[in-house]
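Coordinate-derived values only; no laboratory data. Please read all numbers here as calculations on a predicted model, not as lab measurements. When we count neighbours, we look across all protein chains shown, and the Cβ atoms used for this are built from the backbone with ideal geometry, even at glycine.
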Amino acid sequence: MVRRIGCYVLIAVVLAFFAVPMLWLASAPFDAKPGLGLRWPDWTLANVSATFDHPYALTSLVNSLVLCAIATVVTTVLAALAAYALSRVRIPGRDLLLYLLLLLSSVVTGTAAMVPIFVLMLQLGLINSQFGTALVIAGGMLPAAIFILKDFMDAVPRSYEESARVFGAAPRQVLGHVVLPVARPGVATIFVWAFVNAWGNFLLPFLLLRDVGQQPAAVLLRTLYDEGGSADLSVIPVFSLLYSIPVVALYLFVSKRYGFRFHGGVKS
Amino acid sequence: MDSSGLGVRRAVAFVAPALVLVGVFLVFPALWTLYIGITDYQLTGPAAAHPRVVGLDNVVNAVRDPLFTNSVWLTALFVLGSAVVGQNALGFALAWLLRTVRPGLRRTVEGLVLLAWILPGTVVAYLWFAVLSRDTGTLGVLLGSPQTAWLVQYPMTSLVVFNVWRGTAFSMLLYTSALAAVPPSQLETARLMGASAWQTVRDVVFPHIRGHVLTNTLLISLWTANDFTPFLLTAGGPNHRSEVLPVLIYRQALESGQLGYASAMSLLLLVGNLAIALVYLRLLRRRA
Amino acid sequence: MRRTTVFGLLAVCGLAAGCLGQPQEGDQARNAGAKEITLTIVANAAAGGKNARGANWLQNWVIPKFTELQKAKGVTATIRFEQNGAGDEDYKTKVALDLKTGGGGDIIEIDGIWLGEFAQAGQIKPLNDVVGDTDWDGWNQIPRAVQGLGEFDGKRYGVPMGTDGRVLFFNKKLFAQAGLPADWQPRSWQDVLDAGARLKALPGVTPLQLNAGTAMGEATTMQGVLPALAGTGRPIYENGKWQGDSPGLKDVLGLYRRIYDGGLGDPVLQQEAKGRDRSFQLFSQNRIGVLLEGDYFWRSVVEPRNGVAKMADRDTAVGWALVPAERPGSGVGGQDFVSMSGGGVRVINPNTRYPRQAWEFLQFLNSAEAVRESLAGTAQLTQRQDVNDQVLKGDPMLTFVAEKVLPITRYRPGLADYPKVSAALQQATADVVAGRSPDDAARAYREALVKAVGEGNVG
């Protein structure tokens, strides 16, 4: 009995730990005098209308959706294919390659790589291109995505595929009809993970997308300052809230349909 | 072991698109960055027009630079505290405890933990400013000491707590799935034999999930070691006391324009990541 | 598979090998007679964000007006405005990358302090080289000192965009409570410290705010170290050498020590990531007595309608005073009072396809009418004397700056090494605020300085 109570107390503490910081997002957007702290707000909708009046607020959210959708789909599809192949077939040097790529991805997502990336994109003519920027973002995420998905694929029982092949299924069908449905929760998780990562990416869109009408929300959020660099707290909370809603919505959707787990939950 | 009937050629075809993308947009710029690390390239100023190859000078300067060694130490602390210990422990604890809880409560807790992971970095920084700032910060108000500037007086502790909050979701998810694969019969046996929770975890559960512990630890360590979000909270301050490596590299590259030096430091960070990965590989081999 | 990867890499390498090539050189009159032109102006301003007013002016007045003027001459002009709203360092990186790769807008707005670095990197060229003849009657309206913002090594690179001045702002209400006069004008550092001591008696009030530490970046140097240093007699850069751990610098660090160790300032505030923002908020809440800032503070921070930390009673509650030298007569040039100024510059991209037209556009941007329009009814120090005379009449504080501060102010040296020196100065103040002795901090500063600029350049 004591153990049960202890368990619930711990959960309550954890709940509070995670919930309290998020309260700012619920109060500051509607506060007439927002500050960098939690307070009972002077309820007002003026901040919301000020944000919607901002000429690029909604455009940037749409841009973010487009950019992240492309990056996420590219990452998920390519990673699923590659992970499946790497999981099932012993290509020489596969493990080494995977680790190497994982490590190199840390260099490329740092700020030191910005000149090479910029010049590369310039030469490829992909500056100011949503598609190009999405490809760069996808490139940075692929190693980790393949790494995680390969673990998933390893856990999908081979007996299914063998049975399917006995029944004469071609490899494409095996992948599409047998393996993917079992690995679906994992793929869905990677999908959300990739989307979240792309959603928060600031440096690449900032450097590669010149036209302010094309910039995603991540870049716009950093521009909500005045000339001297002081934060404009009447717009930032509302915009942060708007900025967060799509990712949360995506997570809820995926979690409802596919479950947010790493394994299909089918016994081997 | 090719149960899928793919054959090597088709497997290569499956992997090729990913490899091309990675080759062009990741490997090429990464190698180029490492090349810049052996020059004295700067973004502006005379060195921008005529960069010279300086060989390993940048690396040597970095290793001798007290700011760099400070940064390495802080990064190690950050990774150990928030990832290896913090996220792992909390993630596992949550996965373990939530198994036996009502579904409604379980979904709420999981949802909140995941929300912390999903929210964009800039937004999360503002949320934690609201908690940790002086005078009006929630933590100060709750503990009755509003005058404490948490981010200034306890910068690394604040960052560690923040990162545990931010990243536990991944570990929790991974362990939940891993625990689901532990045969319930063994857990039942342990319970009947009167084993305590700790003994059950150590003797029954751990052997099954050992591989997952290692995978999880590797990934979250790499992600934490390269995480730039601390910059948004403390800007590396006060006085470099929370300047983890990604922040130092950013400041050298953008604020000082010293791209050659920053690239060399990226190389050293890479070497550090490599060390972590090698340790992981060694432990993984031992399991098999 | 490995072979294809190698081939792929080689192919991309070959492609990229051409990418670090030299930007185009052309003659100054290229496309001078073109009937269709496109010009792009790049600025760190964004509608709804940073410098929204400037962005508005460019988009809604400048571009239509100039397009019309060109049409009257039979030229179809498409003028584009590339907006940015990022932090200064991020913007600078973007501009540098553009200029390096031969791209970027035709007219680019940069901070005057970056001029030297870009010039030394060959990324911008003197106006005469890019455009040819740069005669313009506007030059007569821009004071010599302000023109200096757009010059490097004796050559003109661009036209300045305006300037500012730094003063001491103080809260008259707190002064009244502490028994200090409303027309306060200190004549020495000691006067300031004395006022601080009186303010200390008021509960919950931080007497003085002199920017310190590395968190505030350039704001520490410009609104802290450099005005104080100017008060000790020598500028930071003189006769080809940067000031090292001179007695003047040690005095400055000593001043910091007396403020932050003696309870006259808030050391923790200097170390917070958003310390500067918070100091503004605290001042507007009547919790800071004296603050050293530029006129930006008056115009945009405590401004009653749209300021980020607005004070409804700004006009009666906020006073201003000249920054005193250490002692009367000990300032640079023997001055009793000192100040520092900065400003932006518009330069022409050497790779522009339409140099003559770009120069025409630049002249238009700096014409009296355009500059007046850019203020949109507010008051601000512009680069033109004639406009200043007109618009500053209604604002006593800005008139004060134009008449009393600009004649005594100094500018930062626009050299490539300046950011490193600034970083070393910030670090020195951070050391003192953290508890090191001024002598120690000065010695560490000298070491950092030598490492940054070389022994031969330290005086």
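For this structure, a couple of remarks:
- For the stretch B:57-287, the relative contact order comes to 30 percent (Cα pairs under 8 Å, sequence separation of at least 6).
- Net charge dipole, the protein assembly as shown: roughly 3860 debye, given to the nearest 20, about the Cα centre with Cβ charges of +1 for Lys and Arg and -1 for Asp and Glu.
- Proximal lysines to C:LYS451, defined as alpha-carbon separation beneath 21 angstrom and excluding residues fewer than eight positions away on the same chain: C:LYS241, C:LYS250, C:LYS420
- In the stretch C:313-403, taking the dipole from charged Cβ atoms about the Cα centre, the farthest positive-side position among C:LEU392, C:ALA358, C:THR382 is held by C:ALA358.
- Built amide H within the under 5 Å cut-off of C:THR38, gap 5+: C:THR78
- Value of Rg to Rh for the stretch A:61-258, rounded to two decimals, is 1.05; Kirkwood radius and Rg both from alpha-carbon coordinates.
- Residue order, fewest to most beta carbons within 10 Å, for C:THR378, B:THR229, C:THR429: C:THR378, B:THR229, C:THR429
- Estimated FRET transfer efficiency when R0 is 56 angstrom, pair C:GLN385-B:GLU188 (beta carbons, to 0.05): 0.05
- Rounded to the nearest whole Hz, the Karplus-based 3J(HN,Hα) values (6.51 cos²θ - 1.76 cosθ + 1.60, θ = phi - 60°) of the stretch A:244-249 follow the sequence 7, 4, x, 5, 5, 4, with x at glycine and proline.
- Volume per residue that the Cα convex hull of the stretch C:249-378 spans, once the total is divided by residue count, Å³: 210
- Size of electric dipole in the stretch A:8-96: Cβ of Lys, Arg +1 and of Asp, Glu -1, about Cα centre, debye, nearest 20: 460
- Beta bridges by DSSP in chain C, antiparallel share as percent, to the nearest 5: 60
- Comparing B:GLN199, B:PRO246, B:SER158 along the charge dipole axis of the stretch B:143-288, the residue lying farthest to the positive side is B:GLN199, per the Cβ-charge model.
- Farthest towards the positive end of the charge dipole of chain B, among the residues B:LEU259, B:GLY167, B:PRO103, is the Cα of B:PRO103, using unit charges on the Cβ of Lys, Arg, Asp and Glu.
- Using R0 = 41 Å, the C-beta based FRET efficiency linking B:LEU67 and C:LYS241 works out to 0.95.
- Alpha-carbon spread of the stretch B:29-77, three principal axes, descending order, Å: 38, 22, 19
- Percent antiparallel among DSSP beta bridges (both partners in the protein assembly as shown, rounded to 5): 60
- Applying 1/(1 + (r/R0)^6) with r as the Cβ-Cβ distance of A:VAL13 and C:GLN285 and R0 = 41 angstrom yields a FRET efficiency of 0.75.
- The protein assembly as shown - convex hull of the alpha-carbon atoms, volume per residue in Å³: 175
- Legend: ranking of residues C:LYS35, C:LYS420, C:LYS100, C:LYS404 from fewest to most surrounding C-beta atoms inside 10 Å; resulting order C:LYS35, C:LYS404, C:LYS420, C:LYS100.
- Positive contributions from Lys and Arg (+1) and negative ones from Asp and Glu (-1), summed over other residues with Cβ under 14 Å from the Cβ of C:GLN427, come out at -1.
- Sorted by Cβ neighbour density within 10 Å, fewest at the top, the residues C:LYS155, C:LYS92: C:LYS155, C:LYS92
- For the cross-link pairs C:LYS73/C:LYS125; C:LYS50/C:LYS100; C:LYS50/C:LYS274; C:LYS50/C:LYS172; C:LYS35/C:LYS65, the ones whose C-alpha atoms lie over 20 Å apart are C:LYS73/C:LYS125; C:LYS50/C:LYS100; C:LYS50/C:LYS172.
- Part-to-part distance (alpha-carbon centres) for the stretch C:290-332 and the stretch A:47-96, which is given in Å: 48
- When peptides B:144-152, C:281-289, A:110-118, B:190-198 are ranked by their average number of other Cβ atoms within 10 Å per residue, the highest-first order is A:110-118, C:281-289, B:144-152, B:190-198.
- Its Cα centre serving as origin, the stretch A:61-258 has a Cβ charge dipole (Lys and Arg +1, Asp and Glu -1) of approximately 740 debye.
- For chain C, relative contact order (Cα pairs under 8 Å, six or more residues apart, normalised by length) works out to 24 percent.
- Prolate/oblate/rounded call for the stretch B:51-178, Cα gyration tensor, a/c under 1.5 rounded: oblate
- Cα gyration tensor shape for the stretch B:57-287, rounded if a/c is under 1.5, else prolate or oblate: oblate
- The Rg/Rh ratio of the stretch C:335-401, with Rg taken over Cα atoms and Rh as the Kirkwood radius over Cα pairs, comes to 1.09.
- With the simple model of a label 7 Å out from the Cα in the direction of the Cβ, A:SER129 to B:ARG102 spans 5.5 nm.
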